[in-house]
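Working notes, beginning with the structure itself.
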Amino acid sequence: MNCLEERILKDGVVKEGNVLKVDSFLNHCMDVKLFDEMGAEYAKRFAGKKINKILTIEASGIGIASIVARHFGDVPVVFAKKSQSINLDGEMLTAEVESFTHKNINHVIVSKRFLGPEDHVLIIDDFLANGCALQGLIQICSQAGATVEGIGIAIEKGFQHGGQMIRNLGYQLESLAIVESMDAATGKITFREQA
Ligand code: 5GP
């Protein structure tokens, strides 16, 4: 069992609707030492890949991606924004993403100035459920002409179809914890064995 799995068992809370609450260490209050250990693990799993940029999506991916970047030679971290703002100008790369937690559609946006054909990208996010967020980020990379070298996820919910779909597309997808099952009534969580 790895440190993220241990932490999920200790502090994760299973909610109704297939939602795992991990806000005490991952996506509200952030345990940066844990993120640092996660970064070291991604560095092992993506060793040999020439990664010059990390792409994530606001808000929960930003903290993790920033610490992970320290393990990839301090490469820049670009995050997709979920709404148009007055600070966004120039040409944009955009994709539509359905939010698993909020059940709405977001237009995610990255400025063309920060992602282009010269980029070899590691995509990082906190959760993988149905894969909508990842599909949006992959679409943005493809519009930019950038190469997706790999995808690093903290928690994949293996009983939802996103992981299978992304692996079927041929991407190297590394999830540090894959939840095989979870039960809101008992609070029991089981993980998929990883080599
Ligand atoms: P997907 O697009 O793969 O369906 O969902 C991924 C996004 O939804 C993640 O970026 C994450 O913010 C959110 N998400 C999905 N499942 C969960 C969950 O069980 N718990 C929490 N806290 N967020 C989730």
Checklist outcome for this item: Residue count, segment 62-109, condition open to solvent by less than 60 Å² (accessible area, probe 1.4 Å), in contact with a Cys (Cβ under 9 Å, 6 or more places away or on another chain) and either of a type in the set (Ser, Thr, Tyr) or part of a strand (DSSP E or B) (or both), comes to 3
Checklist entry - In segment 23-44, which residues are surrounded by fewer than 13 Cβ atoms within 10 Å (Cβ to Cβ) and not in a helix (DSSP H, G or I)? => result His28, Cys29
Item to check | Selection status of His102, more than 15 Å from the ligand (Cβ to nearest atom) and free of Cβ contacts under 8 Å to residues at least 40 places away in the same chain | outcome: no
Checklist entry - Can you find even one residue in segment 5-22 that is within 16 Å of the ligand (Cβ to nearest atom), small (Gly, Ala, Ser), assigned to a loop (DSSP other than H, G, I, E, B) and crowded, with 17+ Cβ neighbours inside 10 Å? => result yes
Checklist outcome for this item: Counted residues in segment 45-59 being surrounded by fewer than 20 Cβ atoms within 10 Å (Cβ to Cβ) and not in a loop (DSSP other than H, G, I, E, B) come to 1
Item to check | Matching residues, segment 23-39, being near the ligand (Cβ under 9 Å from one of its atoms) and in contact (Cβ under 8 Å) with a residue 12 or more places away in the chain | outcome: Leu26, Asn27
Checklist entry - Counting just the residues of segment 111-168 that are of a type in the set (S, T, N, Q) and part of a helix (DSSP H, G or I), which one comes out nearest to the ligand (Cβ to nearest atom)? => result Gln135
Next on the checklist: Of everything in segment 114-145, what is open to solvent by 10 Å² or more (accessible area, probe 1.4 Å), over 17 Å from the mean Cα position of the chain (by Cα) and over 14 Å from Ala80 (Cβ atoms)? Give them in sequence order.
Outcome noted: Pro117, Glu118, Gly145
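Would you call Gly170 free of Cβ contacts under 8 Å to residues at least 24 places away in the same chain, of a type in the set (Gly, Ala, Ser) and either exposed (fewer than 15 other Cβ atoms within 10 Å of the Cβ) or closer than 20 Å to Glu193 by Cβ (or both)?
Yes.
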Checklist entry - Which residue pairs have Cβ atoms closer than 9 Å, lie 6 or more positions apart in sequence or on different chains, and pair a first residue in segment 133-153 that is more than 12 Å from Asp119 (Cβ to Cβ) and in contact (Cβ under 8 Å) with a residue 40 or more places away in the chain with a second residue that is among the aromatic types (Phe, Trp, Tyr) and surrounded by fewer than 21 Cβ atoms within 10 Å (Cβ to Cβ)? => result Ala133/Phe100; Gly150/Phe46; Gly150/Tyr171; Gly152/Phe46
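The values are calculated or read from the model by the stated rules, or taken from the named source; none is laboratory data. What you see is a predicted model; the values in this text were computed from it and never measured. Because the Cβ atoms are built from the backbone with ideal geometry, glycine has one as well, and the counts that use them run over all protein chains shown. For the accessible areas, the whole protein counts, side chains as well, though only heavy atoms, and no ligand, DNA or RNA atoms are used. Shrake-Rupley method; radii C 1.70, N 1.55, O 1.52, S 1.80 Å.
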